[in-house]
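Report on one structure; see the data block that follows.
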Amino acid sequence: MIVNTLQVSNFRNISSLHMEFCRGVNVFYGSNGSGKTNLLEAIFTLCLGRSQRGAADSVLVQEGQETYRLEGAVQNSNRAACVAVAYQRGWRKKITIDSVAIKAAELYEQFCAVACGPEDSDILSGSPGARRLFLDIYLSQLSQRYMSNLTDYQKALAQKNAALKQEMDSSLFDPLLVSAGARIIDARKRFLGDLAAVASRHYETISGRETLGILYVPKVSGAMEANGVEETAGAFQRDLEMQRRKEEIVKTALVGPHRDDISFTVGGLPARTHGSQGQWRTAAVALKLAVYKLLKTRRESPPVLLLDEIFAELDARRSRQLMDLFGGADQLFLTTASEPPVAINGLTRRFRIADGCVEDID
């Protein structure tokens, strides 16, 4: 997949911008706060209709403005398309491909992108919500069925929570929660199983010595031992029945994938409580590279790869090892406040960014 051009209007600190990109590596130089991260966020939002940082559309609109608009020429396999994503405060987001309105889910079907940046430390050190966001963004790019089940589950969950708050019978929504939720749990279990071995190898390569452990922690008793969706659904139903009275007391749903988590260990110790900031960053990079490899294998064309200041805390050896893992990317976007590793020299188009303005320096 290749993003050939990008036009930006009123997105974060970028007022107006038109850029043409190359295949291979596109490097954005700039100091902290210049808008480098915002530019990568604009590319990701163009590809998938949402921010990789989980930001609401209202936050993405430039301060003092009412709308943002992104437009670009995107090539996937042999098909080129003009994609546009626009949002106005108080209105729904509008997404088009070749001027035809589509749903956001269709972007996930046609395009894919992997973003890695400082905020990814939250996957290791932050709340369970950050880890579920990671699962949902990247599993949705692997499986349209997963995205459909997630949408159904979230609707049923909202209805159940509303019923609990109004002290109505919430069990009416349990069948849909169980049906969609069991499929979500099964997909997450298989995804993290595939991801764990690959991410661990990447982490050991980059760190040179340590191990990374990844374990799915579903909020349904016995889900990890369940064999397939049917057994998972049975376990889910039993947990709902056991927790029904407690849910009525606290007036919120307590069981299901909306409360799932992932347990990470570094060197055999819990990453969240014992890991350093450098270990969190390295583990997050290894995790995203594993996602990239998985998407590259299962999608028709490799994802766009967006790397935000990932070399900032790595020495020369680790940077070289990391570059070796980027092999096969059709297109890579890289931000840096200094010179990138020598390994990518000669394969790049370079841009300088300051205060939301970009200058081509090649």
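Brief remarks follow.
- Across region 121-298, the relative contact order, built from alpha-carbon pairs under 8 Å that are at least six residues apart, equals 31 percent.
- 5 angstrom amide H check on Arg349, placed H, neighbours 5+ away: Val25, Asn26, Val27
- Taking amide H as placed 1.01 Å from N in the peptide plane, Val217 has its amide H under 5 Å from the amide H of Asp261, Ile262, Ser263, each at least 5 places away in sequence or on another chain.
- Unit Cα scatterers, Debye sum, region 84-140: log10 I(q)/I(0) for q = 0.16, 0.18, 0.28, 0.31 Å⁻¹: -0.69, -0.81, -1.06, -1.15
- Cβ crowding within 10 Å averaged over residues, with 3-11, 41-49 ranked highest first: 41-49, 3-11
- Using the Stokes-Einstein relation with a Kirkwood hydrodynamic radius computed over Cα pairs, the translational diffusion coefficient of region 54-127 at 20 °C and a viscosity of 1.002 mPa s comes to 148 µm²/s.
- For Phe311, no residue whose modelled amide H falls within less than 5 Å of its own remains once neighbours fewer than 5 places apart on the same chain are excluded.
- With Cα atoms, 0 to 90° folded angle of helix 229-250 axis to the chain main axis: 80
- Of Lys93/Lys288; Lys93/Lys219; Lys155/Lys219; Lys160/Lys288, those spanning more than 30 Å from alpha-carbon to alpha-carbon: Lys93/Lys219; Lys160/Lys288
- Region 79-85 - phi-based ³J(HN,Hα) in whole Hz, Karplus 6.51/-1.76/1.60, Gly and Pro as x: 10, 9, 9, 9, 10, 9, 10
- Region 1-117 shape via C-alpha gyration tensor axes, a/c threshold 1.5: oblate
- Using the empirical formula 2.2 N^0.38 Å as the baseline, the Cα radius of gyration of region 121-298 reaches a ratio of 1.10.
- Highest-fluctuation residue, Pro302, Pro270, Pro218 considered, GNM on the chain with Cα pairs under 10 Å: Pro270
- Taking a ≥ b ≥ c as the square roots of the Cα gyration tensor eigenvalues, region 74-117 comes out oblate, since a/c reaches at least 1.5 and a/b does not exceed b/c.
- The separation of region 190-242 from region 85-138, counted between C-alpha centres, amounts to 23 Å.
- Scaled radius of gyration (Cα, divided by 2.2 N^0.38 Å) that the chain gives: 1.03
- All Cα-Cα separations within region 263-305 were binned at 10 Å from zero, giving a P(r) of 28, 38, 24, 10, each value a whole percent of the pairs.
- Label separation (Lys165 vs Thr273): 3.3 nm, computed from points 7 Å beyond Cα along the C-beta direction.
- Cα-based shape type of region 60-213, given that a ≥ b ≥ c are square roots of the gyration tensor eigenvalues and the cut on a/c is 1.5: oblate
- Phi-based couplings in Hz for region 274-291 (Karplus 6.51, -1.76, 1.60; Gly and Pro marked x): 10, x, 8, 4, x, 5, 4, 5, 5, 5, 5, 4, 4, 5, 5, 5, 5, 4
Values quoted throughout were computed directly from the atomic coordinates according to the rules given, and no laboratory measurement underlies them. Since the model is a prediction, treat every value here as computed from it, not as a measurement. We place every Cβ from the backbone using ideal geometry, glycine too, and count neighbours over all the protein chains shown.
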